[in-house]
Amino acid sequence: MKRLLSALLSTLILLALAPAALSSPGAHGPNGEHLDGAATSSTTGTVPRVETFSELFELVGSLSGGELSILIDRYDTNEPVLNGKLEVQYKEKKAQAKFHADLGDYAIDDEKLLKALSAPGKHALLFTFVAAGESDLLEGTLEVATPVHADHPSRWRWWWLLLIPALAVPAFIVARARRQSNRGIA
């Protein structure tokens, strides 16, 4: 009888811990990146980004909220460069950026360009920037990750499969103990 109780207790502990073990997502960093997988570049993640620089300017852009938002600083001093003219080219598509004085960024909201840039993959961009009598061409790559589909099977959905052996083992043990006790009585 002690063996029966011990086996039942072990099975119940296994049953209680199995869903948590199977559903745990693994180690994550502060930005949600997987630390237990292959290393990824900083251009991938939840918000597609592009970063580039030249001797004059440095540029950081992010694709979110229905626009490509771009910040431009002087390379030497990190001083924001405001009220310039910025054009972005992707393949044959070009768009002029609008300067937002309140945020200090340049924004592209051209629907055709944004649709092309939103597709998964690497997008080579050419930025033409003119400000205060200076001009520069900057090249950068915007990398858009492939979205994870809702129908993609994840391991936490299948934890219930452990219930079959977890319930079958105690049932087998109980049935065996009953047979043995019935033999002893007869």
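The values are calculated or read from the model by the stated rules, or taken from the named source; none is laboratory data. These figures come from a predicted structure and were not determined experimentally. Here Cβ is always computed from backbone atoms with ideal geometry, including for glycine, and neighbour counts include all displayed protein chains.
Results, tabulated for the structure shown:
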{"quantity": "Selection count, segment 116-139, where residues are of a type in the set (Lys, Arg) and either outside the structural domain of residue 66 (by TED's automatic domain parsing) or in a loop (DSSP other than H, G, I, E, B) (or both)", "calculated": "0"}
{"quantity": "Number of positions in segment 123-165 that are modelled with pLDDT under 95 and either touching a strand residue (DSSP E or B) at 6+ places or on another chain (Cβ under 6 Å) or under 16 Å from residue 47 (Cβ atoms) (or both)", "calculated": "6"}
{"quantity": "Residue in segment 111-128 that is among the β-branched types (Val, Ile, Thr) and under 20 Å from the mean Cα position of the chain (by Cα) present", "calculated": "no"}
{"quantity": "Test: residue in segment 26-41 that is under 30 Å from residue 169 (Cβ atoms) and either within 28 Å of the chain's Cα centre (by Cα) or at pLDDT below 90 (or both)", "calculated": "yes"}
{"quantity": "Search result, residues across segment 44-63 that are in contact (Cβ under 8 Å) with a residue 24 or more places away in the chain, of a type in the set (A, V, I, L, M) and part of a loop (DSSP other than H, G, I, E, B)", "calculated": "56"}
{"quantity": "Tabulated pairs, segment 64-79, first buried (at least 19 other Cβ atoms within 10 Å of the Cβ), second among the polar types (S, T, N, Q), C-beta under 9 angstrom, 6+ apart or interchain", "calculated": "68/62; 69/62; 70/62"}
{"quantity": "Residue ranges of strands (runs of 3 or more DSSP E) in segment 65-115 with at least 1 members modelled with pLDDT of 95 or more and of a type in the set (A, V, I, L, M)", "calculated": "67-74, 85-90, 93-96, 105-108"}
{"quantity": "Cross-chain or 6+ apart pairs with Cβ under 9 Å, segment 132-161 first and closer than 16 Å to residue 54 by Cα, then modelled with pLDDT of 60 or more and exposed (fewer than 13 other Cβ atoms within 10 Å of the Cβ)", "calculated": "136/55; 136/130; 139/124; 140/124; 141/122; 141/124"}
